[in-house]
Amino acid sequence: MKSQRLIDLHEGWLLAEAPGGADGLDAAALAALPDDAWLPATVPGTAHGALLTAGRIPDPFYGRNELDVRWVAERRWVWRLGFEVGELAEREELVFEGLDTYCTVWLNGELLLKSDNMFVPQRLDVRSRLKPGRNELLLCFEPALVEARKVEAMHGKRALWNGDSARLHARKAQYHFGWDWGPELITCGPWRPVRRDSGSARIADLHCRTEVAADRRTATLQVAAELQGAATRCAFELLDPQGRCVAARAVPAAQRVGATLSVTDAQLWWPLGLGAQPLYTLIARLQDDDGQVLAEDSRRIGLRHLRLVQAPVEGEAGSSFHFEVNGQDIFAGGANWIPDDNLLERITPARYRERVAQAAAANMNMLRVWGGGIYEHEAFYEACDEMGILVWQDFLFACGLYPANEAFQASVRAEAEAAVKRLRHHACMALWCGNNEDYMIAESQGLAGPGIPAERFEARAIYEKLLPEVCAALDPDTAYWPGSPFTPGSDVKSSDVTVGDRHSWEVWHQQMLPYQNYGEVQARFVSEFGMQSMPSLALFESVLPQAERYPESRTVQWHNKAGSASGPDGHRRLAVYLADNLRVGPTLADHVYATQFVQAEAMRVAYQDFRRRWQKPGARAVSGALVWQLNDCWPVTSWALIDSSATVKPAWHAVRRALAPLAVAVRLEAGQARLVVMNGGLEGRALTLQLCIYAMDGRELASARVAQHVPAVSCVEAAQPLPSFAEPAVAELCALGDDGRELARDCAWTEPFRFYGLAGARVDIAVDGRDLVVSSDRPVKGLWLAGNGLALADNFIDLVPGAARRISSQIALPMSLRAAALDHPAWQIALFDGGGSPQAE
Ligand code: BMA
């Protein structure tokens, strides 16, 4: 009996352009392409990636090179690998974890596979085809758009937003066809690992359903495994987070085996902000008579009770839409996640961890893996498990009227089963969701909504039958939601504000409401909303030719993909929000600051206005806010909080402050200030609220101190009467602990900022160890400090006179940094010759 060996086939691949044309593919002809036609290729990889590495194409992200590399997607590409095999085992399989997308595979000249779904792993028995000695694999990829159009021609054009309509017929990452934040880069290639799986037996599937008892101290695990090949027994072992074995059972081997394991003294997994994320390890070992381990597999799991709750909301219509973990309501504060690059092979596990860690550092406890991307890499879900970030996982449909013909559904079922089986054990998995905005587009096409027969929208067969079936069969403990947004019932619109989730795009899209009105577009769970801004100046300049480094340039516009069928409109919508709020300078740097300013303010208002409505148990009017979008896949003006150089924008700090376990918000209203305290913690808090109002020259106009108690997992608000001021003012609200320490802070200003000026402040920035100590002689709005490798705990801060703010740095401070603030020309500061005030660049 041979123990299982998983052998990565990743070294030595070659790539060549294959002759095009409709005539049949001939393995021999492909293998016989001249030597100089081949160039080295990495697997996992893409044709674009290999050509870029070989210097055969320019960087698609630079300037408007995206156009110059379009030809790559129109060609047929062939991958070739020669590999040695020693003695064959009883079982020999080749595994292709992901082939993007229309691929024909030959082994030693024999046709092995034709695949057409990027998300379906392929496992092939090659025992009779593999031979000791030299073997050769050929993978030939068709141009995806060409193939998709052939299918479209058979089934007809369908409505969509973003990309070529043929994409709807292709089971390929939809964003590859271009999106309103991403380039059109229609890749192809073996984008996930290629392996040889050899040995006597293997564990084909390992799963366990965990049940945490009501006492929250004991848990039961129903373990199940699917086995292949000959073995004597299957031994299960559960290690606690400290590595101690806390439960074990061995059962005779069979095709399907199971066991029940119990845990007393269970260490519960909590989302970020509510507790720790202890992870247990479930191990299964297949053994022969002598106890030799033939195959082993494991899963890291979290013990937690997680459910989606839709309960009445006191004093309001409809029902809540909130997540409850271990009996605790949570406010899901987070973001939508898109693929972190167009060339997926470049996203390393470390990069996944970095990005998820940036979400965690912004106090986010949920990420929605959006339906136009991919079922993400293991490293993503592992990072979410470890950092306490819940995952809302869309199935991969976005912004289109998808077909529901038999072949399409069969392909979707295979991919959904593979995805659910792969991801279901992760502690972070909170929800499966049928699609992104397909109910919205069906409504816009008159195929869904009040008075319209359900069957008019044929893709319901996928979202309301196929996918819930797969989830019920393979992951019954995780909730399923047919779409985002979605409103239960057939006679309703998906934009209903009293039930389900909602995409609140009245700010930015639709009627372009001012961001100050976010409070008007709240809903039970706001799963999308957003405001655009430019990427960091350094990143932007790195992809703009010198002559194009001005805000209105063709290339700047090229790096803003927002728009509709009638053309790009991102620059126009941005202009409206700038004109509404600010006076903006002419340079690119001015526009980077101004657009990032507006985005940060919009996010402050949005998260505060949504979170304050989380209110209290039994009255969860709003229970989630997931901004569109967390990250970028290339250098672009978009709704992202973090640009593609991993640089956080001011909005990231605004979100971090608004989602802090304890946060405050202040609103200047007629004759009063509204004071809001938001407590996401499990303990009530007794606080002192200190409110100070300043004029723009620094005079104090009013102040108040009030005691405020806020219960656990609740939000409270109070109105503080104020004298009326005939001049612009800023209100600073601080929540102080009983030791007088500041626990949370927020500032509200007379708006719009463009009606008055803030120039002329004296800002002092001093260094104290790893801290910056910042102060000013009068109110300063939006002090943004930037510099190479700068990682400040706080940034984009408002200053009021006489209250220096200490900002700690997570790493050593750079020698100098660049500062900007509203109505102040940006200035450079040499930190280690005494800091100093604004001297215009
Ligand atoms: C929603 C998302 C994305 C889109 C975003 C910004 O539609 O689902 O499809 O990128 O808005 O327009």
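No value in this document is a laboratory result; all are computed from the given coordinates. Quantities reported herein were computed from a predicted structural model and do not represent experimental measurements. Here the Cβ is made from the backbone with ideal geometry for all residues, glycine too, and neighbour counts use every protein chain on show.
See the values below:
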read-out	value
Computed E for Ala54/Glu378 - FRET, C-beta separation, R0 41 angstrom, nearest 0.05	0.90
Residues Met815, Met696, Met440 arranged by fewest to most Cβ contacts within 10 Å	Met815, Met696, Met440
Whole-Å distance, taken between Cα centres, linking region 493-532 and region 292-344	22 Å
Asp385, Asp739, Asp125 arranged by Cβ crowding within 10 Å, fewest neighbours leading	Asp739, Asp125, Asp385
Computed FRET value (nearest 0.05) for Asp764 with Ala704, which takes r as the C-beta separation and R₀ as 30 Å	0.60
Pairwise label distance in nanometres, Ala159 with Asp297, each label 7 Å out on the Cα-Cβ vector	4.3 nm
Difference of contour (0.36 nm per residue) and Cα-Cα distance, Glu417 to Ala726	104.8 nm
Distance (nanometres) between label positions extended 7 Å along Cα→Cβ at Ser3 and Gln445	5.4 nm
Amide H contacts of Thr232 (H built 1.01 Å from N, under 5 Å, at least 5 apart or other chain)	Gln287, Asp288, Asp289
Cα Rg, Dmax (largest Cα-Cα span) when computed across region 656-802, Å	16.0, 45
Under 5 Å, built H, 5+ apart or other chain: amide partners of Val622	Trp614
Rg/Rh ratio calculated on Cα atoms of region 487-602 (Kirkwood radius)	1.06
Cα pair distances exceeding 19 angstrom across region 692-747, given as percent	38 percent
Cα→Cβ-extended label distance, 7 Å offset, between Leu124 and Glu314, nm	6.3 nm
Cα-centre dipole for the chain with unit charges at Cβ (Lys and Arg positive, Asp and Glu negative), debye to 20	660 debye
Relative contact order of region 731-835, defined on C-alpha pairs under 8 angstrom at six or more residues apart (%)	24 percent
Helix-only mean residue ellipticity at 222 nm for the chain, each DSSP H run of n ≥ 4 adding -39500 (n - 2.57), per residue, nearest 500	-5000 deg cm²/dmol
Crossing angle, helix 144-155 versus the chain [Cα axis fit, 0-90 degrees, rounded to tens]	80 degrees
Where Rh is the Kirkwood radius over Cα pairs, Rg/Rh for region 546-629	1.12
Part-to-part distance (alpha-carbon centres) for region 178-208 and region 244-282, which is given in Å	27 Å
Charge dipole (debye, nearest 20) of region 133-261; +1 at Cβ of Lys and Arg, -1 at Cβ of Asp and Glu	240 debye
Long-range amide H partners of Phe395 with built H, under 5 Å	Cys433, Gly434, Asn435
Normalised contact order of the chain, rounded percent, pairs of Cα under 8 Å and 6 or more residues apart	9 percent
Per-bin percent of Cα-Cα distances, region 256-374 [5 Å]	2, 8, 11, 14, 15, 14, 13, 10, 6, 3, 1, 0, 0, 0
Three-way shape label, region 107-213, alpha-carbon gyration tensor, a/c 1.5	oblate
Cα gyration tensor, region 442-510 - rounded (a/c under 1.5), prolate or oblate	oblate
Student exercise, region 487-600 dipole from Lys, Arg, Asp, Glu Cβ charges, in Debye to nearest 20	160 debye
Computed over region 101-151, the ratio Rg/Rh where both radii use C-alpha atoms and Rh is Kirkwood	1.05
Per-selection Kirkwood Rh - region 48-141 (Cα, Å, 1 d.p.)	15.3 Å
Length-normalised contact order of region 33-100 in % [C-alpha pairs under 8 Å, at least 6 apart]	18 percent
Rounded, prolate or oblate (a/c below 1.5 giving rounded, otherwise prolate when a/b exceeds b/c) for region 438-479 by Cα gyration tensor	prolate
Cleavage-rule hits, GluC sites (Glu not before Pro), region 1-71, DSSP coil, Cβ neighbours within 10 Å at most 13	Glu11
Quotient of C-alpha Rg and 2.2 N^0.38 Å, computed over region 658-703	1.41
10 Å-binned pair-distance histogram of the chain (Cα, whole percent)	2, 12, 21, 24, 20, 13, 6, 2, 0
At q = 0.13, 0.21 Å⁻¹, base-10 log of I(q)/I(0) for region 316-462 (Debye sum, equal scatterers on each alpha carbon)	-0.69, -1.31
Added length on full extension, which subtracts the Cα-Cα distance from 0.36 nm per residue, Asn65 to Ala712	227.6 nm
Relative frequency of Cα-Cα separations exceeding 26 Å in region 159-297, percent	51 percent
Degrees between helix 588-611 axis and first principal axis of the chain (Cα, 0 to 90, nearest 10)	90 degrees
Length released on extending from Asp739 to Ile283, taking residue separation times 0.36 nm less the Cα-Cα span	159.3 nm
Residues of region 657-681 with amide N under 18 Å of a point placed 7 Å along Cα→Cβ from Glu324	681
Cα-based radius of gyration of region 718-841 once divided by 2.2 N^0.38 Å, which approximates compact folds	1.13
Stretch in the chain that is longest and holds no trypsin sites (Lys or Arg not before Pro) that DSSP places in a loop and that have at most 10 other beta carbons within 10 Å	245-740
Packing-based exposure ordering (other Cβ within 10 Å, fewest first) of His176, His824	His824, His176
